[in-house]
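K.L.:
Please see the structure below; I have some questions.
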Amino acid sequence: MSTTETERTPPREPEAPRGVSRRGDTIFAGLAKGSGLFIMLALAGVALFLVLQSLPAIGASGENAYGADNIVLYIWPLLFGTVLAAIIALVIATPLAIGVALVISVYAPRRIARLLGYLIDLLAAVPSVVYGLWGRETLQSWVFPIYQWLADNLGWIPLFAGPVTTGRTILTAGIVLAVMALPIITALCREVFAQTPTMHKEAALALGATRWEMIKMAVFPYSRSGVTSAILLGLGRALGETMAVALVLSASGVITINLISSQNPSTIAASIALNYANASGIKTNVLIAGGLVLFVVTFAVNFLGRWLAARGQAKG
Amino acid sequence: MAKSIDISDVNIYYGDFLAVQGVNMTVKARQVTAFIGPSGCGKSTVLRTLNRMHEVIPGARVEGKVVVDGQSLYDPSVDPVAVRRQIGMVFQRPNPFPTMSIYDNVLAGNKLNAKKMKKDEADSIVEKSLKGANLWNEVKDRLAKPGMGLSGGQQQRLCIARAIAVEPQVLLMDEPCSALDPISTSAIEDLIHELKSDYTIVIVTHNMQQAARVSDETGFFNLKATGEPGQLVEFNSTTKMFSNPDEPATEAYISGRFG
Amino acid sequence: MAQTTQTRPPGPDDTASVPLTKPQLPGWAPALAAVVAFGAAALVGLLLGWGVVGIVAVGWILLLIGLPAWSTAVEGSRKGTDRLVGTVVWSTLALALLPLIAVLWEVISRGAPALNATFFTASQSGVLGAGGGIYHAIMGTLIVTLIATVISVPIGIMAAIYLVEYGKKNRLSQVLTFLIDVMTGIPSIVAGLFALALFTLIFGPGVRMAVGGSIALSVLMIPIVVRSTEEMLKLVPDELREGAYALGVPKWRTIVKVVLPTALGGIVTGATLAVARVAGETAPLLLIVGTFRATNFNPFDGAMATLPVLIFSEATRGGLQEYIPFQLERAWGAALVLIIIVMALNLLARVVGSYFSPKTGR
Ligand SMILES: Nc1ncnc2c1ncn2[C@@H]1O[C@H](COP(=O)(O)OP(=O)(O)O)[C@@H](O)[C@H]1O
Ligand SMILES: [Mg+2]
């Protein structure tokens, strides 16, 4: 508490009276600052524990690395699956989210727009394990005939090569992840679209633009970086999601872009959740190393997203 | 052909709130008509009903009749997009599109209708419109630069160029000079004088000297009483308004501001 | 002012009278188009025996082509494009709401049959197939979430106070703001790994402890509380603070008596939403809290059942074929209870928000 007395008092802040209650002020300020420091410590702890506990995994191989020759070969297919599932999720969620955000911020009358916003927020409130259960029990049986159709008719596309024996594939996992990423992307896009200055929208309309032309002229150019950042933050969510994938996917840990066969890549998070109960010794460290990689990747994606958002705000 | 506008028994609402009540007037073709009055009395609201920009605001609606050259603007068969194409508008704050160059800003309206324009055709529209807005000499060497890089007065003239590039019949201006310095203001006033020979112009202004300088006819708006809707108090030729108005309220407002 | 009096502005052609009326589709055109499209699809679909999905898909494609085509023919291509985009955009909304409706429908219809008095009062202790309840998991979720709340809310609020009231733009607060952004993005499983690694270090391998789950949830919850509290504190106008200082009130009492009460509604809303968000977290609890079939009230001793983990384990447990329907029914029942808890918290947050602070609520 003694080090940053001067730092803590910026020049233009209203100065509180001194004297009588110095002690109360010191204690309270100390508590506040202590909480801040505690958070920093906790985060440093997270990073430190992950790194320290990952170190023993470096030499792991064979049985310890879940059959892989070394830790890289163990994590790489999982990372592939993680990214693949997240990309499927984004490919599905992004157009939907932009459309829904447009409905809420441009198309719908105000009262309906508020209701719709609330409904989309509800979508975010449903716990991920419930989505996972739904994907495992319900969605997989809905998509199964569609996958069969895809394999029969579009099987020449490597993505849909099949053979289709189950609805529990990486594509289904991606769809469930899309449902979970959708409300985040929608909420952020909505905010960005709503911030388009009225004067530019009216300028377009006054020139005789239709609604869509107005969106193209005034709304989209203004929100490009905001939408990109929304997509990145949605990606961050999809990368780190565990339960939906763990419940939906019947994984075998292969690397493939065949989205609808029973041979599916797994994801880092799902593999940790599914293997932790039986892990011990070096195996635990191998799983933690996977967690560290996941942490670094999601951090990079989130960081990029926030940086873009901040830059967009500074410019706009 | 520049159009005349007949406004009869117009009531204008924002949701349930009646903002302006019972407006009757005729805006003559090829003349400058000024709307004056204290702020909040509904000048902008009336102006925006003349090109159906009012309904852009959620919940806003209009009762009564606005007839442009024999066609009723609020007839169900009338397309608001076509109306706005014919009746251009310049706003209080200059609003060039921030991501477009000067060149593209001028052509923004034209590009909506003609997807593919020939290069020289586009060039000539840009030059004609910028000359029409008295901006050509100042920007002809930097047409590819963003429109936001111009000064406030230049931006406003760019917006006028953008509005006249689509060759509308009527030009509506909502306090076009209120965000500008005196020199830019006088440039725009000169421009209004020139545009008058081709366009019907309606201008809202809070500056009475400006109304006296640029307009042929003037409408004075005021609130009936505090908390009541705005109304058109008097509509007369500008000379009569500023020398010998019919209504004592007009006289009081004008002399109060001048004296 | 450089005058260019030679060139006239592009005056419109004096002889042309441009019509303002354009042929337009009536207001009920989209509705009619939808009825025709889906009607036609249903008719053909019923004859040929397509499923509901097939009928809806074909109807939608018909609408997507038909309405813009009709509009293009009558109103011109610009309007046609506008209608096409409008149809697409509204369709995305329908598609986005579909999973919400489907999930809620499924959870209610499959979960409701499980609900009865025993379900809420019994544990799974000694139960193999049918019977038993989720009392132990409900209590577990309450205990774990409550402890997480007790840890996170004070720390989160105090940290936000530091950021807004004390550390305006200094180095420490900049770093802290950045780290909290990082924290918001931590995957929940990583938070679980952290708690597990920490407890393994202290108590040795194989440790299971509910309080560890609370700590993992706190890692997820603290940044949410800090962010929302920060937003609310920033909304409190500086005049209020200055007014209190002018009366000789010390800074900490100003914060406690003036600033916090003004922002209270928003802070409570944010905290409640944070609770709702972590109450359904599964991954971290799976790692450190584990599963337990009987009731355990002691967060410092051994595994404890929680609703999310129970859903996961009942759904994936496998085992004897004859038991599986009961396990699934239990999972859906628990999902229904969990959703009700989470939705109730969301609703509560909204009510609190609008009740306490009509000023700042949007
Ligand atoms: N977007 C709007 N929503 C609701 N009321 C509005 C809106 N715009 C203007 N008003 C109200 O309509 C009345 C007239 O406003 P306006 O036409 O802007 O006045 P003026 O341009 O003469 O200053 C005012 O009482 C104003 O509060
Ligand atoms: Mg105005």
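The values are calculated or read from the model by the stated rules, or taken from the named source; none is laboratory data. Owing to the predicted nature of the structure, the values given are computational and were not obtained by experimental measurement. Every residue, glycine among them, receives a Cβ derived from its backbone with ideal geometry; neighbour counts consider all protein chains shown.
K.L.:
Of all the residues that make up region B:40-76, how many are in a loop (DSSP other than H, G, I, E, B) and more than 9 Å from ligand 1 (Cβ to nearest atom)?
P.N.:
10
K.L.:
Moving to a separate point now. Say whether the condition of being part of a helix (DSSP H, G or I), away from chain C (no Cβ under 14 Å) and touching a residue at least 40 places away in the same chain (Cβ under 8 Å) is met by at least one residue in region A:214-222.
P.N.:
Taking every residue of region A:214-222 in turn, at least one turns out to be part of a helix (DSSP H, G or I), away from chain C (no Cβ under 14 Å) and touching a residue at least 40 places away in the same chain (Cβ under 8 Å).
K.L.:
In this structure, is residue A:267 polar (S, T, N, Q) and free of Cβ contacts under 8 Å to residues at least 60 places away in the same chain?
P.N.:
No: the conditions fail for residue A:267.
K.L.:
A follow-up question, please. Looking only at region B:6-27, count how many residues are buried (at least 21 other Cβ atoms within 10 Å of the Cβ) and more than 16 Å from ligand 2 (Cβ to nearest atom).
P.N.:
3
To keep it simple, each residue is scored yes or no on (1) without any contact (Cβ under 8 Å) to a residue 60 or more places away in the chain; (2) part of a helix (DSSP H, G or I); (3) closer than 25 Å to residue C:226 by Cβ; (4) out of contact with any helix residue (DSSP H, G or I) (no Cβ under 9 Å at 6 or more places or on another chain).
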residue	(1), (2), (3), (4)
C:269	no, yes, yes, no
C:273	no, yes, yes, no
C:297	no, no, no, no
C:339	no, yes, no, no
C:355	no, yes, yes, no
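K.L.:
With the requirement that a residue be away from ligand 1 (no atom under 16 Å from the Cβ) and either assigned to a loop (DSSP other than H, G, I, E, B) or charged (D, E, K, R) (or both), what does region B:3-24 give you?
P.N.:
To start, the set of residues in region B:3-24 that are away from ligand 1 (no atom under 16 Å from the Cβ) comprises B:3-6, B:8-9, B:24.
Result: B:3, B:4, B:6, B:9.
K.L.:
What number goes with the only condition from (1) surrounded by fewer than 24 Cβ atoms within 10 Å (Cβ to Cβ); (2) of a type outside the set (A, V, I, L, M, F, W, C); (3) assigned to a helix (DSSP H, G or I); (4) in contact (Cβ under 8 Å) with a residue 40 or more places away in the chain that residue B:213 does not pass?
P.N.:
It fails just one condition, (4).
K.L.:
Would you check which residues across region C:181-192 are assigned to a helix (DSSP H, G or I), facing chain A (nearest Cβ under 7 Å) and modelled with pLDDT under 90 and list them?
P.N.:
C:181, C:182, C:183, listed by residue number.
K.L.:
Next up: Please work out which one of (1) assigned to a helix (DSSP H, G or I); (2) more than 23 Å from residue A:102 (Cβ to Cβ) is the condition residue C:95 fails and give its number.
P.N.:
Single failed check for residue C:95: (2).
K.L.:
Could you check how many residues of region B:164-187 are within 16 Å of ligand 1 (Cβ to nearest atom) and in contact (Cβ under 8 Å) with a residue 40 or more places away in the chain? First the steps, then the outcome.
P.N.:
Filtering region B:164-187 down to residues within 16 Å of ligand 1 (Cβ to nearest atom) leaves B:172-179.
Imposing the further condition that a residue be in contact (Cβ under 8 Å) with a residue 40 or more places away in the chain reduces the set to B:172-176, B:178-179.
Number satisfying all stated conditions: 7.
K.L.:
Go through (1) more than 14 Å from chain C (Cβ to nearest Cβ); (2) at pLDDT 90 or above for residue B:201 and report which single condition fails.
P.N.:
For residue B:201, the failing item is (1).
K.L.:
Separate question: How many residues, within region B:77-97, are away from ligand 2 (no atom under 16 Å from the Cβ), part of a loop (DSSP other than H, G, I, E, B), in contact with a strand residue (DSSP E or B) (Cβ under 7 Å, 6 or more places away or on another chain) and under 22 Å from residue B:126 (Cα atoms)?
P.N.:
Matching residues across region B:77-97 total 0.
K.L.:
Another one. For region C:52-94, which residues satisfy the criterion of being hydroxyl-bearing (Ser, Thr, Tyr) and buried (at least 18 other Cβ atoms within 10 Å of the Cβ)?
P.N.:
C:71, C:87, C:92
K.L.:
If you go through region C:176-208 one residue at a time, how many are more than 30 Å from residue A:232 (Cα to Cα) and among the aliphatic types (A, V, I, L, M)?
P.N.:
Residues meeting the conditions: 4.
K.L.:
Let me ask another. Among the residues of region B:166-197 satisfying the criterion of being β-branched (Val, Ile, Thr) and within 19 Å of residue B:105 (Cβ to Cβ), which is nearest to ligand 2 (Cβ to nearest atom)?
P.N.:
Initially, region B:166-197 is screened for residues β-branched (Val, Ile, Thr), giving B:166, B:170, B:183, B:185, B:188, B:192.
Now drop any that are not within 19 Å of residue B:105 (Cβ to Cβ), which leaves B:166, B:188.
Numbers: B:166: 24, B:188: 17 Å.
Result: B:188.
K.L.:
Follow-up question, since we're still on this one. Please indicate, with yes or no, whether at least one residue in region B:67-87 is β-branched (Val, Ile, Thr), away from chain A (no Cβ under 14 Å) and within 20 Å of the chain's Cα centre (by Cα).
P.N.:
Taking region B:67-87 and keeping what is β-branched (Val, Ile, Thr), we get B:67-68, B:78, B:81, B:83, B:87.
After this cut, where a residue has to be away from chain A (no Cβ under 14 Å) as well, the list is B:67-68.
Then drop every residue that is not within 20 Å of the chain's Cα centre (by Cα), which leaves B:67-68.
Yes, because at least one residue in region B:67-87 is β-branched (Val, Ile, Thr), away from chain A (no Cβ under 14 Å) and within 20 Å of the chain's Cα centre (by Cα).
K.L.:
When you scan region B:153-160, do you find a residue that is away from ligand 1 (no atom under 16 Å from the Cβ), among the polar types (S, T, N, Q) and crowded, with 24+ Cβ neighbours inside 10 Å, even just one?
P.N.:
Looking through region B:153-160, at least one residue is away from ligand 1 (no atom under 16 Å from the Cβ), among the polar types (S, T, N, Q) and crowded, with 24+ Cβ neighbours inside 10 Å.
Conditions (1) within 13 Å of ligand 1 (Cβ to nearest atom); (2) farther than 24 Å from residue B:95 by Cα; (3) among the charged types (D, E, K, R); (4) touching a helix residue (DSSP H, G or I) at 6+ places or on another chain (Cβ under 7 Å), marked per residue:
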| position | (1), (2), (3), (4) |
| --- | --- |
| B:189 | no, no, yes, yes |
| B:196 | no, no, yes, no |
| B:199 | no, no, no, no |
| B:204 | yes, no, no, yes |
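K.L.:
Now for a separate question. Please list, ordered by first then second residue, the pairs with beta carbon atoms under 9 Å, 6 or more apart or interchain, first in region B:55-82 and farther than 20 Å from residue A:106 by Cα, second in a strand (DSSP E or B) and modelled with pLDDT under 85.
P.N.:
Final answer for the pair search is B:71/C:21; B:75/C:21; B:77/C:21; B:78/C:21; B:82/C:21.
K.L.:
Of the conditions (1) of a type in the set (A, V, I, L, M, F, W, C); (2) facing chain A (nearest Cβ under 9 Å); (3) surrounded by fewer than 20 Cβ atoms within 10 Å (Cβ to Cβ), residue C:286 satisfies every one except a single condition; which number is it?
P.N.:
Unmet condition: (3).
K.L.:
Checking residue A:299 against (1) closer than 17 Å to residue A:86 by Cα; (2) modelled with pLDDT of 85 or more; (3) buried (at least 24 other Cβ atoms within 10 Å of the Cβ), only one condition comes out false. Which one?
P.N.:
Residue A:299 satisfies all of (1) closer than 17 Å to residue A:86 by Cα; (2) modelled with pLDDT of 85 or more; (3) buried (at least 24 other Cβ atoms within 10 Å of the Cβ) except (3).
K.L.:
A follow-up question, please. Of all residues in region B:28-64, how many are within 14 Å of another protein chain (Cβ to nearest Cβ), away from ligand 2 (no atom under 16 Å from the Cβ) and not hydrophobic (A, V, I, L, M, F, W, C)?
P.N.:
Going through region B:28-64 one residue at a time, the tally reaches 6.
K.L.:
Would you confirm, using the coordinates I've provided, whether residue A:308 is touching a residue at least 24 places away in the same chain (Cβ under 8 Å), among the hydrophobic types (A, V, I, L, M, F, W, C) and away from chain C (no Cβ under 11 Å)?
P.N.:
It is true that residue A:308 is touching a residue at least 24 places away in the same chain (Cβ under 8 Å), among the hydrophobic types (A, V, I, L, M, F, W, C) and away from chain C (no Cβ under 11 Å).
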